[in-house]
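> Right, I'll just put the structure down here and ask away after.
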Amino acid sequence: MESARQVTVVPVVSEQGLRTRAWVESNRRLVEKLSQGQLAYVYLPNTGQPGYASFNRYYFSQQDKKGAIVDERFNGGGLGR
């Protein structure tokens, strides 16, 4: 027990964010594979500020690709004015 340590696990309130991230990454890897690295995959979760931040993160990190698939499935909408 000399090298043992105590760890406290704090669960997340909801696993929805983790599942969504896993789904997005799975789609991104599939597009990468099927397009042989030529297409980007960008998920747009909503058209509010968080959605644009996500778009920028995924789009600009893959801007060297020949094209992009922008996925808006399950898009939560945006700012209503």
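The values are calculated or read from the model by the stated rules, or taken from the named source; none is laboratory data. Just so it is clear, the structure is predicted and the values come from calculations on it, not from any experiment. In this analysis, Cβ positions are derived from the backbone assuming ideal geometry, glycine residues included, and neighbour counts consider all displayed protein chains. Heads up: the accessible areas ignore ligands, DNA and RNA and are worked out on the full protein's heavy atoms, side chains in. Shrake-Rupley method; radii C 1.70, N 1.55, O 1.52, S 1.80 Å.
> Step by step: first the residues of the range 1-21, then only those that are open to solvent by less than 100 Å² (accessible area, probe 1.4 Å) and either in a helix (DSSP H, G or I) or among the basic types (Lys, Arg) (or both), then the one that is farthest from Ser61 (Cα to Cα). Which residue is that?
The selected residue is Gly17.
> Please state which one of Tyr41, Tyr59 is open to solvent by less than 40 Å² (accessible area, probe 1.4 Å), touching a strand residue (DSSP E or B) at 6+ places or on another chain (Cβ under 6 Å) and at negative phi.
Selected residue: Tyr41, the only one of Tyr41, Tyr59 that is open to solvent by less than 40 Å² (accessible area, probe 1.4 Å), touching a strand residue (DSSP E or B) at 6+ places or on another chain (Cβ under 6 Å) and at negative phi.
> Could you check the range 42-81 and list, in sequence order, the residues that are in contact with a Gly (Cβ under 8 Å, 6 or more places away or on another chain), more than 16 Å from Val24 (Cα to Cα) and modelled with pLDDT of 90 or more?
Lys65
> Further question: When you go through (1) open to solvent by 100 Å² or more (accessible area, probe 1.4 Å); (2) over 25 Å from Gly78 (Cβ atoms) one by one for Gln49, which number turns out not to apply?
Condition (2) is where Gln49 drops out.
> Which residue pairs have Cβ atoms under 9 Å apart, sit 6 or more places apart or on different chains, and have a first residue in the range 9-35 that is farther than 18 Å from Pro45 by Cβ and a second that is open to solvent by 100 Å² or more (accessible area, probe 1.4 Å)?
Once the first residue is farther than 18 Å from Pro45 by Cβ and sits in the range 9-35, its partners that are open to solvent by 100 Å² or more (accessible area, probe 1.4 Å) give Ser35/Lys66.
> Among the residues of the range 22-67, write down those that are assigned to a loop (DSSP other than H, G, I, E, B) and polar (S, T, N, Q).
Ser35, Gln36, Gln38, Asn46, Ser61, Gln62, Gln63 - these are the residues of the range 22-67 that are assigned to a loop (DSSP other than H, G, I, E, B) and polar (S, T, N, Q).
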